[in-house]
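Take a look at the structure below.
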Amino acid sequence: MNYKIALIRGDGIGPEVVNEAVKVMERVGEKFGHSFTYTDVLLGGCATDAVGKSYPDGTAQACKACDAVLLGAVGGPKWGADKPAEQRPETALLAIRSDLGLYANLRPAALRPAMADACPLRRETAQAGIDLMMVRELTGGIYFGKRDRYTTEDRGVEATDLMAYSEKEIERIGRRAFELARLRRRKVTSVDKANVLETSRLWRSVMHRLAQEYADVEYEDMLVDNCAMQIVRNPGQFDVLVTENMFGDILSDEASMVTGSIGLLPSASISDGAPGLYEPIHGSAPDIAGQDKANPIATILSVAMMFRYSFQRPEEAAAIETAVDAVLAEGWRTADIAEPGVTPIGTREMGRRICKKI
Ligand code: NAD
């Protein structure tokens, strides 16, 4: 198979981690008989420097012509809040997500076996294993609702943000969650605040209808406040968690923390029809950029997600994940995850070792 990949290398450590991910892709291609055609797409602070805006014309079209998009990271102090919106990297990130219709954000939080000591939870909890998938609705809810600020006669200045969800939006993300659960341990936990919010009551009724359709998948409702507690008390109980945009924003960061390091966590954003976008959850880490210190594993595991979810190639995905686990089990660490007394290896060396294991 030949796959067309759009590469958004971005800023800071983005180009360094994408380089290693590409080497891993090439190695997987060699082993499984695939080839790749890469299109470099300029986006972020580097695009502002090159052409004056962070989201150059034609970016979405270039990505849509590919089968998947791999993004390193964008941003940095050089293109901060004092710059006009069209020059800021964050503007470009929101634009590409919206132009590709990426409504489902998938963030696995899996504790890699060799990294159990990095888990801030109790030893027994870590040893029981953590392997959950957070499915967050990404294009609706309060972040996209009408917002307003006005002055009232009796209460002074007031502000409102509107949270709205349609049945269609809920059903679309719900189906994604159930389909994903079928590829995993067949359990969906739907997170809402149905004891207070009307959007949550609608959310719950749609999820219940879907749960009947996907009768082979175990289903439960959970209130968001309880879920926040359960993620630190007993994360091993979860398989797929599905929730609306703002709850997902908060819970996915919480879930990441229980696995120890942001340098290890991948993500995928998926749409219907357009290519999926795969990226590490970390940012551009300007403090270590260009020093061969960045951990490339989150980006490499993002490539594994690409194989699994965009190309339906679970064997290739598993080959990458197994190689990462093997290198970690041998004790190799980049500086961000090195225990005291362990001499860290660099970005390129980590990439090379993972390739060798595939
Ligand atoms: P960050 O994730 O870039 O860095 C936080 C800390 O973690 C830093 O100390 C950094 O050195 C370290 N770190 C991050 N990734 C690492 C890796 N792979 N290996 C080793 N260490 C790593 O977050 P930040 O400092 O808040 O943001 C820096 C810039 O990144 C900002 O401009 C921000 O807007 C941007 N950002 C971009 C994205 C994205 O592209 N999706 C996401 C988050 C932040």
(message) Let me check against my output: what whole-number percent is the relative contact order of the chain, with C-alpha pairs under 8 Å and at least 6 apart?
(response) 22
(request) Quick one: net charge around Glu30, please, counting Lys, Arg +1 and Asp, Glu -1 for every other residue with C-beta under 14 Å from its C-beta. (result) +3
(message) Tell me the carbon and sulfur percent of the accessible area for segment 1-160, rounded to whole percent, probe radius 1.4 Å.
(response) 51
(request) Mind jotting down the distance between the C-alpha centroids of segment 281-303 and segment 307-322, whole Å? (result) 21
(request) Mind putting a number on the dipole of the chain about its Cα centre? Charges go on the C-beta only, +1 for Lys and Arg and -1 for Asp and Glu, and I need it in Debye to the nearest 20. (result) 740
(message) For segment 290-348, what does the relative contact order come out to in percent, with C-alpha contacts under 8 Å and a separation of six or more?
(response) 42
(message) What's the magnitude of the charge dipole for segment 197-317 around its Cα centre, counting Lys and Arg as +1 and Asp and Glu as -1 at the beta-carbon? Answer in Debye, nearest 20.
(response) 120
(request) Compute the signed sum of charges (Lys and Arg +1, Asp and Glu -1) over the other residues within less than 13 Å, Cβ to Cβ, of Ala81. (result) +1
(request) Rounded to the nearest 500, what is the 222 nm mean residue ellipticity of the chain from helices alone, with -39500 (n - 2.57) per DSSP H run of 4+ residues and division by all residues? (result) -12000 deg cm²/dmol
(request) Would you mind working out the magnitude of the charge dipole of segment 249-358 relative to its Cα centre, with +1 at each Lys and Arg C-beta and -1 at each Asp and Glu C-beta, to the nearest 20 Debye? (result) 500
(request) Kindly flag which residue pairs out of Lys23/Lys356; Lys23/Lys357; Lys4/Lys31; Lys23/Lys78; Lys53/Lys78; Lys4/Lys53 have an alpha-carbon separation exceeding 20 Å in this structure. (result) Lys23/Lys78; Lys4/Lys53
(request) May I ask you to derive the FRET efficiency for Arg123 and Leu183 from their Cβ-Cβ distance with R0 = 25 Å, giving the value to the nearest 0.05? (result) 0.25
(message) Along its three principal axes, how long is the chain when you only count alpha carbons? Whole Å, largest extent first please.
(response) 62, 51, 43
(message) If I model a spin label at Phe32 and Ala338 as a point 7 Å from the Cα along the Cα→Cβ vector, what separation in nanometres do I get?
(response) 3.2
(request) May I ask what percent, to the nearest 5, of DSSP beta bridges between residues of the chain are antiparallel? (result) 40
(message) Tell me the relative contact order for segment 183-287 as a rounded percent, counting alpha carbon contacts under 8 Å between residues six or more apart.
(response) 26
(request) Just name one of Met115, Gln61, Gly45: the one whose Cα is farthest towards the positive end of the charge dipole of segment 16-117 (beta-carbon charges, Lys/Arg +1, Asp/Glu -1). (result) Met115
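The values are calculated or read from the model by the stated rules, or taken from the named source; none is laboratory data. Everything numeric in this text was worked out from a predicted model, so none of it was measured. Every residue, glycine among them, receives a Cβ derived from its backbone with ideal geometry; neighbour counts consider all protein chains shown. All accessible areas refer to the heavy atoms of the entire protein, side chains included, with ligands and DNA or RNA removed. Shrake-Rupley method; radii C 1.70, N 1.55, O 1.52, S 1.80 Å.
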